[in-house]
Amino acid sequence: MSRRWLLIPVLLSLAGIALGMVWVDWSKGGAGSGLYSREWQPDPVQGYWDPDRFYQPVVSVEGVFPAAECITCHEALTPGIVADWRDSRHSKPANRAPVACPDCHGADHQKLRMPTPKVCAECHAVQHDAFQSEKQYGFPSHVLAMERATDSKHFADKPKAETTACVQCHSVATKCDSCHTRHRFEAAEARRAEACTTCHSGPPHPDDETFYGSAHGKRYLADAATTDWSKPLRKGNYLTPTCAYCHMRNGQHVVADKSIWQFGLRQVNPNTAENKVKRERWIEVCTDCHDEDFSRRQLNELDRERTQAWHGLNRTERLLRELRSERAIYPAAGERPPYPTDWMDAWFPKERIGFFEGQASSFYNVSPIERDYFEMWYFANLGAYKASAHGAPALVKEGHEALAHAEKSIATQAGNLRAKARGPRPDPRPLWTEGEYTAHNRKHN
C-alpha cells in the first residue's frame, strides 16, 4: 500500500480534532457560559456566583471615590459590611496601608468589580497558585467546580432559579468568599468544619454526617468553642483535626493532592505511582496525631472497604448491562423523550449504566431500575466510602447495609423485567409526552 494512503486517516483525524476545537470555542461564545452557553441566559444573580463573566456594576451612582468616601457612604447603606471590614486584617495590616474598597472593587463606581480569585491573587499569589494547581488532578476539584456545573446539559435545560442552588456551592471556583466570607475574610473562620460542611453535605457528598459521626467530629463538637482558631494549620496547634487541617495541611490551598479513590465513585488501583505518592501524603497527615503503623492500618481498612463495595457494585452493573443487551429494561431508552440538549440521545438512545453513563441519571429521564442503581452507586456507596475515610465505623456498616439492600432489590426488579420482556409490553410514550406537568414544563421551561 502506498504511504500516501496512510496519510488519509491521519489527516482526517487532525481535521476532526481541529473541527472539534472550533466547535467547542463556538459553543462557549454564547450569553451564558460553558459548553452550552448558547442555550441559556444568565439571571442577574449569576453575576454574584460567577462575577468575572457576569457581574454588572450599579450605574445609578457616578464618580471615582477614595476609600474614605466609600466607607462613609456604606456605613449608612451597609453598616454590617463596613463593620466586618473594620474587624478584618485588611483594615489594619502590618507594614502597609489598609487594603480598602478600591483595592478590591475599583474606585470608579460605574466600573466596579466583584473580587475574583484573580483579584485576590494580586496579594495572595501563593494561595491562588496552589488553588489553581488542583486542575492537574481533574474532577472532582474545587477549581473546576463551576466548569463542572455549566458544562452539564441539565444546566442549560433547567430554569436558572433552580440551578442557582447548584452554583451557590460550585462558585467556590470563581470567588474566594465561599470559605472565608466577605468582608472579614477571616482565616480562623475557614479553619472550622462549618466552612466546609456548608456545601459538603447531603447524599451526593455526605462529608458532614460522616465527619461529625467520627471520633474526630465528636471531639470537634466538644472542643470547638474553646479552640483558638487563629493558629495556623500546623502540627501541635490543634488537638482536633478538621476538614481544613487534614485536606489543607499547613494552609495549602489545594485539597485534591490526597484523593486516592476518586471520590469513591470510581474503581481505581490504589497502588499506581500517583496513588502511592498520595498515600504517603495521607499517612504524613495522620501521623501528626497517630502512630504510623496505626495510620497505615486505617488506610488499608479503607482499601478493604472499597474492594468489598465494588464487588457488589460490579455484580449489579453486570446485571444491568445484561438486561440492556437483552432489551429487557423498561421503559427502554427509545421509549422515553430524549434529553433536550443531547442530539446523540435523540439519534442513538441508550440506557445509562455505570460511571461514564450513569451520572446522567441525576437529571435524565431514566427507568426505575437505572435510577435505583444510580442511588446505590452514588448515594449508598459514597456514604460508605466517606464514612470509612473519615473513621465512622457505624456509618460504614450502615452504608454497606444500604448497598446490600439495593443489590437485592435490583436483582428482584431484574427478574420481573425479564419475565415481562417475554410478553407484550404497553407503549409508555404517552405517559412521558402528555399530562398537565409535561405541558406546563414544555411551555415555561
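The values are calculated or read from the model by the stated rules, or taken from the named source; none is laboratory data. Note that the structure is a prediction, hence the values are computed from the model and not measured. Cβ: placed from backbone, ideal geometry, glycine included. Neighbour counts: every protein chain shown.
Restrict the check to the range 125-133 and report whether at least one residue is closer than 30 Å to His154 by Cα, surrounded by 17 or more Cβ atoms within 10 Å (Cβ to Cβ) and small (Gly, Ala, Ser).
no
Would the range 142-160 turn up any residue that is in contact with a Lys or Arg (Cβ under 6 Å, 6 or more places away or on another chain) and at negative phi?
Looking for residues that are in contact with a Lys or Arg (Cβ under 6 Å, 6 or more places away or on another chain) and at negative phi, one finds at least one in the range 142-160, hence yes.
Would you be able to tell me the number of residues in the range 53-63 that are loosely packed, with under 15 Cβ neighbours inside 10 Å and either closer than 12 Å to Cys101 by Cβ or in contact with a Gly (Cβ under 7 Å, 6 or more places away or on another chain) (or both)?
Within the range 53-63, residues that are loosely packed, with under 15 Cβ neighbours inside 10 Å and either closer than 12 Å to Cys101 by Cβ or in contact with a Gly (Cβ under 7 Å, 6 or more places away or on another chain) (or both) number 1.
Looking at (1) surrounded by fewer than 15 Cβ atoms within 10 Å (Cβ to Cβ); (2) within 30 Å of Phe155 (Cβ to Cβ), which is the one condition that is false for Trp377?
So Trp377 meets the others, but not (1).
Can you spot a residue in the range 264-281 that is modelled with pLDDT of 90 or more, touching a helix residue (DSSP H, G or I) at 6+ places or on another chain (Cβ under 9 Å) and closer than 28 Å to Cys196 by Cα?
Yes, because at least one residue in the range 264-281 is modelled with pLDDT of 90 or more, touching a helix residue (DSSP H, G or I) at 6+ places or on another chain (Cβ under 9 Å) and closer than 28 Å to Cys196 by Cα.
For the range 313-352, give me each residue that is within 24 Å of Ala156 (Cβ to Cβ), of a type in the set (A, V, I, L, M, F, W, C) and touching a Lys or Arg at 6+ places or on another chain (Cβ under 7 Å).
Ala333, the sole residue that qualifies.
Scan the range 86-99 and report the pairs whose first residue is under 15 Å from Ile71 (Cα atoms) and modelled with pLDDT under 95 and whose second residue is of a type outside the set (A, V, I, L, M) and part of a loop (DSSP other than H, G, I, E, B), with Cβ atoms within less than 6 Å and a gap of 6+ or a chain change.
Here the result reads Asp87/Arg184; Ser88/Arg184; Ser88/Phe185; Ser91/Pro98, each pair linking the range 86-99 to a residue that is of a type outside the set (A, V, I, L, M) and part of a loop (DSSP other than H, G, I, E, B).
Residues being of a type in the set (S, T, N, Q) and farther than 17 Å from Arg113 by Cα: count how many of those fall in the range 46-77.
Result for the range 46-77: 1.
So which of Gly236, Gly264 is on the phi > 0 side of the Ramachandran plot and buried (at least 16 other Cβ atoms within 10 Å of the Cβ)?
Gly264
Across the range 59-116, which residue is nearest to the chain's Cα centre (by Cα) among those that are charged (D, E, K, R) and assigned to a loop (DSSP other than H, G, I, E, B)?
Step by step, filter the range 59-116, then rank; the result is Arg113.
Given the criteria of a type outside the set (Asp, Glu) and touching a Gly at 6+ places or on another chain (Cβ under 9 Å), does Tyr373 qualify?
Yes: the conditions hold for Tyr373.
Tell me, which residue of the range 325-361 that is surrounded by 17 or more Cβ atoms within 10 Å (Cβ to Cβ) and among the charged types (D, E, K, R) is nearest to the chain's Cα centre (by Cα)?
Applying the filter and picking the extreme gives Arg352.
Give the residue, chosen from Gly80, Gly106, that is out of contact with any helix residue (DSSP H, G or I) (no Cβ under 9 Å at 6 or more places or on another chain), exposed (fewer than 12 other Cβ atoms within 10 Å of the Cβ) and under 23 Å from Thr181 (Cβ atoms).
Only one candidate passes the filter, namely Gly80.
Out of curiosity, is Glu284 surrounded by 15 or more Cβ atoms within 10 Å (Cβ to Cβ) and either assigned to a helix (DSSP H, G or I) or of a type in the set (D, E, K, R) (or both)?
Taking the combined requirement at face value, the residue does not satisfy it.
Go through (1) within 27 Å of Ser230 (Cβ to Cβ); (2) outside any loop (DSSP other than H, G, I, E, B); (3) β-branched (Val, Ile, Thr) for Val167 and report which single condition fails.
Single failed check for Val167: (1).
Just a yes or no: is a residue in the range 204-217 among the polar types (S, T, N, Q), under 25 Å from Gly264 (Cβ atoms) and within 17 Å of the chain's Cα centre (by Cα)?
There is no residue in the range 204-217 that is among the polar types (S, T, N, Q), under 25 Å from Gly264 (Cβ atoms) and within 17 Å of the chain's Cα centre (by Cα).
Among the residues of the range 428-442, are any in a helix (DSSP H, G or I) and of a type in the set (Phe, Trp, Tyr)?
Yes, the range 428-442 contains a residue that is in a helix (DSSP H, G or I) and of a type in the set (Phe, Trp, Tyr).
Restricting attention to the range 251-273, does a residue exist that is under 17 Å from His180 (Cβ atoms), in contact (Cβ under 8 Å) with a residue 12 or more places away in the chain and out of contact with any Asp or Glu (no Cβ under 9 Å at 6 or more places or on another chain)?
yes
Considering Arg352, Arg315, Arg306, Arg327, which residue is among the charged types (D, E, K, R), touching a residue at least 40 places away in the same chain (Cβ under 8 Å) and assigned to a loop (DSSP other than H, G, I, E, B)?
Matching residue, one of Arg352, Arg315, Arg306, Arg327: Arg327.
Exactly one condition in (1) out of contact with any Phe, Trp or Tyr (no Cβ under 9 Å at 6 or more places or on another chain); (2) in contact (Cβ under 8 Å) with a residue 60 or more places away in the chain; (3) not acidic (Asp, Glu) is false for Gly47; which is it?
The failed condition is (1).
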